[in-house]
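Trainee: The following block contains the structure, expressed as structure tokens.
The values are calculated or read from the model by the stated rules, or taken from the named source; none is laboratory data. In this text the structure is predicted, and so the values were computed from the model without any measurement. Positions of Cβ are backbone-derived with ideal geometry, glycine not excepted, and every protein chain shown enters the neighbour counts.
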Amino acid sequence: MMMPCLIIIAYKKGVNDTLAFGVQLVRPSVMSVKQKEVVHTVEYILDQRRQRVQSVCARIGIVSNKTSELSGVPSANLSYCAVQKAGCTMWIRLFKFMAGQKRETGNPMTLTKDLIHNHAPNFYKTFRRTGNEDRLAHSVRTMTVRNPYTRLWSAYIDKFLLPDFWFSKGLHIIRMVRKNPQIFSKKCGHDVTFPEFIEYVITIGHKFDYWNQDKHWLPASDICDPCVFKPSIIGKQETFLQDLKYTL
């Protein structure tokens, strides 16, 4: 009973001649079923994602009714709904470069993370959904999502392994989750562990109060509800480059 499984595994690995199994030689050409790899175009994959979202939204209506950060390139009729820790820095980099920031360099990668998020806000215009319904309805709408667990891991690395959130959210997490924290930890918030961070995220769930709310770890649908935004193109962090190229 195990022989066909072993033959299939070896055949998938590219054994094109013979496969030794004990004292028996089995040629792949005698296999009744050959597994063929199916390659889909980017357009097909994006269409499947869009249909999936449309089907779910038709059943549930809305998730959070949120579109926290809308931007894009008006002259290109492109609207973008940002999901933090899912490629938003790269998207904003492109938007600011197209709007003129560091354009003389000819290379958008000259825009560092600091330049993108802390300088020249005039090159990055956001807008609200209310009052811009017509603009959204008639534009190409894109958003990027990410595997939820790896997105949380990325948020932890960026905000807690590095010192970005130590004195704010780090302190809050330690006081809320850790039993008997050390005095230094309560003062600095520097040593939040990944399990503590996950426990905190599970505990706060979808809360939107001041201390708990943060777009770097709230679910993507709490930041940009696809049932409201109705994206034309749904990119994924895992296929970011091909989705980005297609959108552009």
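Trainee: Between V192, V201, which is of a type in the set (V, I, T) and touching a Leu at 6+ places or on another chain (Cβ under 7 Å)?
Mentor: The match here is V201.
Trainee: Another question about this same structure. Only residues in the range 170-198 that are assigned by TED's automatic domain parsing to the domain that holds S154 and within 17 Å of H216 (Cα to Cα) count as the first member; pair them with residues that are at pLDDT below 95 and surrounded by fewer than 17 Cβ atoms within 10 Å (Cβ to Cβ), Cβ under 6 angstrom, at least 6 apart or cross-chain, and list the lot.
Mentor: Final answer for the pair search is H172/W211.
Trainee: Are any of the residues in the range 112-133 touching a helix residue (DSSP H, G or I) at 6+ places or on another chain (Cβ under 8 Å), farther than 30 Å from H206 by Cα, part of a loop (DSSP other than H, G, I, E, B) and of a type outside the set (S, T, N, Q)?
Mentor: yes
Trainee: Quickly run through the range 139-180 and pick out the residues that are among the basic types (K, R) and part of a helix (DSSP H, G or I).
Mentor: Those that are among the basic types (K, R) and part of a helix (DSSP H, G or I): R151, K159, K169, R175.
Trainee: Being surrounded by fewer than 16 Cβ atoms within 10 Å (Cβ to Cβ) and part of a loop (DSSP other than H, G, I, E, B) narrows it down to one of K207, K186, so name that one. Show your work before the answer.
Mentor: On the way: K186 fails: part of a loop (DSSP other than H, G, I, E, B).
Going through K207, K186 in turn, just one is surrounded by fewer than 16 Cβ atoms within 10 Å (Cβ to Cβ) and part of a loop (DSSP other than H, G, I, E, B): K207.
Trainee: Over 15 Å from K85 (Cα atoms) and touching a residue at least 40 places away in the same chain (Cβ under 8 Å): is that true of V140 in this structure?
Mentor: yes
Trainee: Still on this model: Since I234 meets every condition but one in (1) under 28 Å from A58 (Cα atoms); (2) part of a helix (DSSP H, G or I); (3) modelled with pLDDT of 95 or more; (4) not acidic (D, E), which condition does it not meet?
Mentor: It is condition (2) that I234 fails.
Every residue, every condition in (1) part of a helix (DSSP H, G or I); (2) under 22 Å from T239 (Cα atoms); (3) in contact with a helix residue (DSSP H, G or I) (Cβ under 8 Å, 6 or more places away or on another chain), yes or no:
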| position | (1), (2), (3) |
| --- | --- |
| V38 | no, yes, no |
| A86 | no, yes, yes |
| I92 | yes, yes, yes |
| M109 | yes, yes, yes |
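Trainee: Would you confirm, using the coordinates I've provided, whether T130 is under 20 Å from Y80 (Cβ atoms) and free of Cβ contacts under 8 Å to residues at least 24 places away in the same chain?
Mentor: Yes.
Trainee: Now for a different question. Here are the criteria: (1) more than 22 Å from P226 (Cα to Cα); (2) over 22 Å from the mean Cα position of the chain (by Cα). Tell me which single one N132 does not satisfy.
Mentor: (1)
Trainee: A follow-up question, please. Looking at the range 146-165, is at least one residue more than 22 Å from the chain's Cα centre (by Cα), assigned by TED's automatic domain parsing to the domain that holds D47 and free of Cβ contacts under 8 Å to residues at least 24 places away in the same chain?
Mentor: For the range 146-165, residues more than 22 Å from the chain's Cα centre (by Cα), assigned by TED's automatic domain parsing to the domain that holds D47 and free of Cβ contacts under 8 Å to residues at least 24 places away in the same chain: absent.
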